[in-house]
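The values are calculated or read from the model by the stated rules, or taken from the named source; none is laboratory data. Fair warning: this is a prediction, and the values are worked out from it, not measured in the lab. Here the Cβ positions follow ideal geometry from the backbone for every residue, glycine too, while neighbour counts run over all protein chains shown.
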Amino acid sequence: MNLKGVLFLTQLLAMLGTLLARVALDFTNITAPEHVRALEEFTITAFLAVPSTSTFHLKMNQYAMQGMPHLVNSSKLRSGLSGGSEVSMFNLITDRQDLIFPPINEKELRAKLSSLDEEQFELMKLVFSGNYTDTFTIAPSESDFEKSLQVMYALRTRWSTDPTPDPKVDPLELEEVPKEVEQNLEAMTEGEATAPLDKLSVVLYITQKFDSLGLMVVDHVFSAAEYIVWYDQPLQGVNIIGILAGETWGTADDKPIILGAHMDTVPGTPGFDDNGSGLAALVEAARVLATSGCSFRHSVFFVAFDHEEIGTQGSTMFVKDYLTGSIMDKFGITEITGAFVVDCIANWDPTPGSQDFPPTWAAYLPDNARSIESHNYTGDFAGILYRSQVDGRLAYTLSRYYNDLGHDHYRLEMMGLQELGAEMPNATILKNHFDFIRSDHVRFWYLNDTNDSPSMPAVLITDMGPYRGRMRQCYHLACDDAETGFSNVGLVTKVTQALVWTIADLAIGRCGPRGRLSVPTLFALMGSTPRQDLDQKMPIASIQDAMEILHFLGLLPPVDTQPT
């Protein structure tokens, strides 16, 4: 095995080490090039595999109950219960009693694993039964490689081919939050908290914030049967969804826009940049758009994803079970406008030499490599990562607003990938682009499901994480914190402002007292455009338009009250 192959497999196996908790993989005896390529394809396939759903539970506030009656009516709603821990979102996150492994359907299992011999099949039956608790090692040699590979693929096989089940639905009872979680949330604001309750406190904070903004709020609790095999425990997660309903909500004419950021961190890191910064942008954008007074034709979904650090599991389940299965399919929606994913945006470093641009990035993004070199490898920019053939509308709309905001010391790099298109690429192309598919945006690009789900437009906004300044040493470590670094949050501010304008524009927002101002018009008036250029960018057609603008800016009372 050549050095490049060893390094790539080592990187992926570090992930799969947790994904296959009951299985140890040892590839040291494999050197044949065709077997190395087969292992690379396996690791890529394993990374993108879509798990089956065994727990799909939605906690919905009153606005969501009213806005999504199709989910309420098709579920076993327990709203008649008297509240308390039985309907608390917190016992759903911690209670694992309902996360049992599904009963074995041997006929279905045999059909899915038809390539295995009887000895291998019996082993898989034992593993999938949930009764097998030992760890065994797969150490293929060149002679038994094919059989070993079959077993490895069998361990990644989706358990069930049944249609996604309808979710259980319960009211979101925020007043029933355990007191210790509330206390921990207060402690977190003072920099003192206890790790076991930190995640619950973050869930509580974002849920309460979305609820206070009048959004339809859904806490999407998920798990999968395979998690018991992969993680040696019934791993469970929760995505927090806040929905700003557009005028076309509930109809096939809606083209939703998603803004997402993951809220989980790796153990041992506070995650200020990765991804507290993206989460802050998400919550602030939700606040601004929900309280803007503007109306929007299309709906906007604000989503805090869970388990991004464990194979982007939260965004997988969101796209597969909630967005596609519970919204698009039910309403007849055939396309979304697109998704913006924000992951690491706080690490702005104006020091020459602070920015790395690895060879893989330079090979596929040569224009950006030359641009960064011309700026003396300074980490002073945000990057928009997108597929040139698919995501251009999202990327260029965002770049237009970003650049027109001014403050040019927070630059922008447009990183368009030419080789990734709408169709799922082969394993070799995905392997070569692995650095570009390591965040939640990939689940919109390629949801590797048996239903052959179509690709959705999506872009990633990032400061490039471990390749810049402080995060070279602090990525996924304890020093990714607020106390000892990241004092300049101007990049976070500018990215958030640009996202607000972009989403408002793509959602076809109308503002002002009569909804007469389009978002581009409003931006031209309120943005950083020099006054002498206004006539060229946006002519004011009438005195009444001018008066409505002044009213919107708070400088005049409503037009109807003006003296004639």
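Please list, ordered by first then second residue, the pairs with beta carbon atoms under 8 Å, 6 or more apart or interchain, first in segment 286-299 and farther than 16 Å from ALA498 by Cβ and assigned to a loop (DSSP other than H, G, I, E, B), second modelled with pLDDT under 95 and of a type in the set (A, V, I, L, M).
If the second residue must be modelled with pLDDT under 95 and of a type in the set (A, V, I, L, M), the pairs left are CYS294/VAL519.
Quick test for you: out of ASP343, ASP321, ASP380, pick the one residue that is modelled with pLDDT of 95 or more and under 20 Å from the mean Cα position of the chain (by Cα).
The unique qualifying residue is ASP343.
Looking at ASP264 and the list (1) under 19 Å from ARG443 (Cβ atoms); (2) outside any loop (DSSP other than H, G, I, E, B), which single condition is not satisfied?
For ASP264, the exception is condition (2).
Every residue, every condition in (1) assigned by TED's automatic domain parsing to the domain that holds GLU34; (2) over 33 Å from the mean Cα position of the chain (by Cα); (3) at pLDDT below 75, yes or no:
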| site | (1), (2), (3) |
| --- | --- |
| GLY83 | no, no, yes |
| THR94 | no, no, yes |
| PRO103 | no, no, yes |
| GLU118 | yes, yes, no |
| ASN131 | yes, yes, yes |
| SER141 | yes, yes, no |
| ASP162 | no, no, yes |
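Can you tell me which residues in segment 200-241 are in a helix (DSSP H, G or I) and charged (D, E, K, R)?
LYS209, ASP211, GLU226
If the requirement is being under 15 Å from GLY465 (Cα atoms), assigned by TED's automatic domain parsing to the domain that holds VAL492 and touching a Phe, Trp or Tyr at 6+ places or on another chain (Cβ under 8 Å), which of these qualifies: GLY416, GLY379, GLY392, GLY383?
Unique residue meeting the criteria: GLY379.
Could you run through segment 227-264 and say how many residues are over 29 Å from THR334 (Cβ atoms) and either more than 13 Å from the chain's Cα centre (by Cα) or of a type in the set (Phe, Trp, Tyr) (or both)?
So the count comes out to 10.
Could you tell me how many of the residues in segment 414-430 are outside any loop (DSSP other than H, G, I, E, B) and either within 21 Å of the chain's Cα centre (by Cα) or surrounded by 19 or more Cβ atoms within 10 Å (Cβ to Cβ) (or both)?
Qualifying residue count for the region: 5.
Considering only residues that are of a type in the set (D, E, K, R) and in contact (Cβ under 8 Å) with a residue 40 or more places away in the chain, which ones fall in segment 302-351?
ASP306, GLU308, GLU309, LYS320, ASP321, LYS330, GLU335, ASP343, ASP349
Given (1) out of contact with any strand residue (DSSP E or B) (no Cβ under 8 Å at 6 or more places or on another chain); (2) modelled with pLDDT of 80 or more, where does VAL221 come up short, assuming only one miss?
Just one mismatch for VAL221, condition (1).
Answer yes or no as to whether SER528 is in the same structural domain as GLY260 (by TED's automatic domain parsing) and at pLDDT below 85.
no
What are the residues in segment 271-286 that are crowded, with 19+ Cβ neighbours inside 10 Å and not hydrophobic (A, V, I, L, M, F, W, C), if any?
GLY271, ASP273, ASP274, ASN275, GLY276, SER277, GLY278
Could you tell me which of the residues THR269, THR251, THR207 is in the same structural domain as ILE327 (by TED's automatic domain parsing), under 21 Å from HIS307 (Cα atoms), of a type in the set (Ser, Thr, Tyr) and in contact (Cβ under 8 Å) with a residue 24 or more places away in the chain?
Details: THR251 fails: under 21 Å from HIS307 (Cα atoms); THR207 fails: in the same structural domain as ILE327 (by TED's automatic domain parsing).
The unique qualifying residue is THR269.
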